[in-house]
Amino acid sequence: MKFSEIVQKLKTDQNSLINFSDRNPEITGVAAIDEAIAGQLSYVEGTKFARYLETTQASALILPLAAELQSQANARAIAWLSVPEPRLFFARAIALFYQPFRPAPGIHPSAVIAPSAQLGDNVSIGANVVIQADVQLGSGVCIHPNVVIYPAACIGDRSILHANCVIHERTQIGADCVIHSGAAIGSEGFGFVPTATGWEKMEQSGRTVLEDGVEIGCNSTVDRPAVGETRIKRQTKLDNLVHIAHGCQIGEAVVMAAQVGLAGGVSVGDRVILGGQVGVSNQVEIGTGVIVGAQSGIHTNIRPHTTVSGSPALPHQIYLRAAAVYRRLPEMYQTFRQLQSKN
Amino acid sequence: MKFSEIVQKLKTDQNSLINFSDRNPEITGVAAIDEAIAGQLSYVEGTKFARYLETTQASALILPLAAELQSQANARAIAWLSVPEPRLFFARAIALFYQPFRPAPGIHPSAVIAPSAQLGDNVSIGANVVIQADVQLGSGVCIHPNVVIYPAACIGDRSILHANCVIHERTQIGADCVIHSGAAIGSEGFGFVPTATGWEKMEQSGRTVLEDGVEIGCNSTVDRPAVGETRIKRQTKLDNLVHIAHGCQIGEAVVMAAQVGLAGGVSVGDRVILGGQVGVSNQVEIGTGVIVGAQSGIHTNIRPHTTVSGSPALPHQIYLRAAAVYRRLPEMYQTFRQLQSKN
Amino acid sequence: MKFSEIVQKLKTDQNSLINFSDRNPEITGVAAIDEAIAGQLSYVEGTKFARYLETTQASALILPLAAELQSQANARAIAWLSVPEPRLFFARAIALFYQPFRPAPGIHPSAVIAPSAQLGDNVSIGANVVIQADVQLGSGVCIHPNVVIYPAACIGDRSILHANCVIHERTQIGADCVIHSGAAIGSEGFGFVPTATGWEKMEQSGRTVLEDGVEIGCNSTVDRPAVGETRIKRQTKLDNLVHIAHGCQIGEAVVMAAQVGLAGGVSVGDRVILGGQVGVSNQVEIGTGVIVGAQSGIHTNIRPHTTVSGSPALPHQIYLRAAAVYRRLPEMYQTFRQLQSKN
């Protein structure tokens, strides 16, 4: 594909800021700037990667809006496209060259489908898939091999279920969701009540609801509650090995990095970002737009639009300063003892 | 169901403390107090939820033994039942309205069962289940679709294996256990010995034993050891994504929240509670009745009946005070520098 | 097997340092030193286990090179073998008594194999395995039941895939690898670009490569990147529930304990050891031979051959001292306030 054709395809009405060079090489693929070879398109985001402009073998680059980088690219005879959001444009450029694997519509003969299940148009159901009673699948749903769907679950249009994931009874999954391999959705919440002889199970009669456009990473788990719903709102994305306990209410367009764990009844506002391995205690409320640093431990409610870090979590700026002092504690302690003995 | 009928069903000989109102509405279901609608039964536990008494639409409530709450309920024309353990009674009330999904006994024709496997009475074996040589299943065992059981494993009466879990060779699972979706039980311990050229595998010839009434959460893993046993004693409950390494010995009625990880050879006493994301180092011994706060890191033995928190873990009261000072470290450091320069 | 026969089998040309006792009991199995019964072989490593020499019922022991332990064993009439690396020799002794379960070569009739897949000699393909288009399997590959392999993946000679793991499209797995139950290899990296309306998916067109001798634990996940490769080099071993994000480059003979999480683009040098639950931020570089303590958080590059601990990680010696002072913070703070008021 000619570079000029790529530029045309990436331009949209919103892209009035796009600028691009005259060079028009043939582009055969996309690559990272430090791995690209001749014929490939790459991108530069932030100053960290700008240094590769001197050495990259890429034939074309997506640059931020920086005249200096454009000059550097010109000097090295590299075609360029300059945009406000290079990463977004690179994502779209990948899609010009890469067609993700999607099985064709059809039902594999080894799939086991209950007679009462309702299937939409053009569904793709892979080998050894098990679909139990009263399940509903929307149109264009794609279910990869060995997925199990328990009774009365509902999967919205065009959603994709990757291999070996499990959708439990009564779970509602919206349209355009992706459930990655091995994830368990709508499984029983961890509900036990202490008794004299051990732990008595509290049956989990509720359900899990994922709204449209939600993605759940590989081997992540989203439990259902004793009563009511666990709900993840539209456009929220969870990475791998994340745990969402029973009764959590997750807002829209939230992002959780890998291995985050939420205890029961946690409420997370819209557009919250949780870093990797963050843990959140029972019933905590995290406000809209909050950002939580990796490995933080959240035990109290967090006000909207704040950034917190640490375990227990502190305002991020205080955390940074406290962490910087932490390494000086041995020295402080020594002097403290000297001061103490003098006074 | 009439409220009076629910009261009768929940009363047992042990429940001499039960008290209840005269009102007798028709109850159609159960719900959380802040989500209940007319006709539903809910419960109040602790002061946090008592404020909902003013607004709930529930027709009946399970209350703690508090005359003030009873008066409040009366004032709002809500039927009530007052008991020492509202959460336990609510759990039993759920079971009056909710029948968990249990497949009927029978063997799906797509299941692959070795001729040498021994099956008890009334087992339920779902689609695409694979049961290998010399496996023994007790009576009433329920195996959901796509489960794989390696050779010579033994599953006790009435135990439930959810979809896509894997039971490895020689694993012993007791009666009334639940293995949730995607869990791997009895898998090879992580045993490697360093050599000049890399890592040499230590074969894991031991086995994993789960005693009666154990529950293992979704996608959790319980490894078997090189020699001897990994053992989880009766009534112990593990949440999702928990890791139990080879050779651990876990006591009775232990509870581990999600994402806990135990290294090899850890010993955990009876009735221990580990908060979410806790990590425990090799060979550590945790005494009976210990409570460990979420995200703690345990590197040394913990005495029975203590509560610890933090990484590395401290007695909980010290941890709370130290954590409170932590946020003042920047201020302390500044003053410390001033004091230091004066002295 | 006679003890003398075991000694002969364990001796190799490199073992010039081996020394052993005259006793020659019949050995029927292997066990841990505190659990061994008469007829069993065990081993002693380090002083922690030496105390069991006084009480063990083992008939033979593998000892370190310590004359005192040899005398103790003689005094208790226990046969012994004295070597520089007792654990390595015990590992090899286990292999004399234990034959791990390996299904015989052959293809189960329920396996679903695309016509375009290429299978090497003597492969073993279990029940309900799904092998999609253009997959290549080397000779002696063993695939346990219910595994799913997406199109164009390649599995090297003698590699073992345990039950219910998923190998995604284009993944390259070398020879002699082991993928444990439920692991997901080559799944889509977590790549989203923020937009005004939510998160736009960046297609993950790259692939995951595991070199020879790599092991991936149960329910671990290794994602593929948007462009280029996620690569794990030869002999690297990952424990259960580990997360490797898109684009990571992991060196040779690295060991990661359970529940480690690496964010995108992390680089890990050869022979690095990461303790359990360690987290590493985006793009960080960890040098060759680094050791990272359990639960550490790595946010900056780590120089080769250093040991770090803590979150954020510090040099291990500083961490130990700072952690020791941490518990004294309440006391320090009190005195600090007194000093402050005096000055």
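Descriptive notes on the structure:
- Residues in region A:164-180 that a label on A:Arg102 would reach, taking backbone N under 16 Å of a point 7 Å out along Cα→Cβ: A:175-179
- Nm distances between copies for B:Thr197, ranked from closest, using label points 7 Å along Cα→Cβ: 5.7, 5.8
- Placing a label point 7 Å from Cα along the Cα-to-Cβ axis, C:Tyr98 is separated from the same position in the other copies by 4.1, 4.1 nm, shortest listed first.
- Here each label is just a point 7 Å from Cα along the line to Cβ, and for C:Ala38 and B:Thr197 those points are 4.2 nm apart.
- With contacts taken as Cα pairs under 8 Å at a separation of at least 6 residues, region A:137-206 carries a relative contact order of 24 percent.
- Residue ranges A:184-196, B:195-207, C:111-123 sort as A:184-196, B:195-207, C:111-123 when ordered by packing (mean number of other C-beta atoms within 10 Å per residue, highest first).
- Rounded to 5, percent antiparallel among DSSP beta bridges of the protein assembly as shown: 10
- Accessible area per residue, Å², chain C with all protein chains present, probe 1.4 Å: 37
- Dipole in debye (nearest 20) - chain A, about Cα centre, beta carbon charges: Lys, Arg +1; Asp, Glu -1: 1040
- Put a plus charge on the Cβ of each Lys and Arg, a minus charge on the Cβ of each Asp and Glu, and nothing anywhere else: the dipole of the protein assembly as shown about its Cα centre is then about 2920 debye.
- The order of B:Arg231, A:Arg328 by accessible area, most exposed first and with a 1.4 Å probe, is A:Arg328, B:Arg231.
- In this structure, the amide hydrogen of B:Asn19, modeled 1.01 Å from its nitrogen in the peptide plane, lies closer than 5 angstrom to those of B:Ser82, counting only residues at least 5 positions away or on a different chain.
- Chain A: relative contact order as a whole-number percent, Cα under 8 Å and 6+ apart: 6
- Residues losing 30 Å² or more accessible surface upon assembly, region A:217-243, compared with the chain by itself, 1.4 Å: A:Cys218, A:Asn219, A:Thr221, A:Val227, A:Gln235, A:Lys237, A:Asp239, A:Asn240, A:Leu241, A:His243
- Inter-copy spacing of B:Ile37 label points, which lie 7 Å from Cα along Cα→Cβ, given in nm from shortest upward: 6.3, 6.3
- CD proxy at 222 nm, helix term only [per DSSP H run n ≥ 4: -39500 (n - 2.57); per residue of chain A; nearest 500]: -5000 deg cm²/dmol
- For region C:157-171, a decrease in accessible area of 10 Å² or greater in the assembled protein chains relative to the isolated chain, with a 1.4 Å probe, applies to C:His162, C:Ala163, C:Asn164, C:Val166, C:His168, C:Glu169, C:Arg170.
- For A:45-53, mean number of other protein chain Cβ atoms within 10 Å: 0
- Whole-percent carbon and sulfur share, accessible surface of the protein assembly as shown, 1.4 Å: 50
- Heavy atoms of chains B and C lose about 5200 Å² of accessible surface on contact, summed over both sides with a 1.4 Å probe.
- Taken along the Cα-to-beta-carbon direction at a fixed 7 Å, the label points for A:Arg303 and B:Asp121 span 6.6 nm.
- Cα lying deepest toward the dipole's positive end in region A:110-225, options A:Val222, A:Val178, A:Asn128, charges on Cβ: A:Asn128
- Using a cut-off of 23 Å between Cα atoms, the listed pairs A:Lys342/B:Lys342; A:Lys342/C:Lys342; A:Lys201/A:Lys237; B:Lys2/B:Lys237; B:Lys233/C:Lys48; B:Lys201/C:Lys9 include A:Lys201/A:Lys237; B:Lys2/B:Lys237; B:Lys233/C:Lys48 as exceeding that distance.
The values are calculated or read from the model by the stated rules, or taken from the named source; none is laboratory data. Being a predicted model, the structure only gives us computed values, none of them experimental. When we count neighbours, we look across all protein chains shown, and the Cβ atoms used for this are built from the backbone with ideal geometry, even at glycine. Heavy atoms of the whole protein, side chains included, go into the accessibility calculation; ligands, DNA and RNA do not. Shrake-Rupley method; radii C 1.70, N 1.55, O 1.52, S 1.80 Å.
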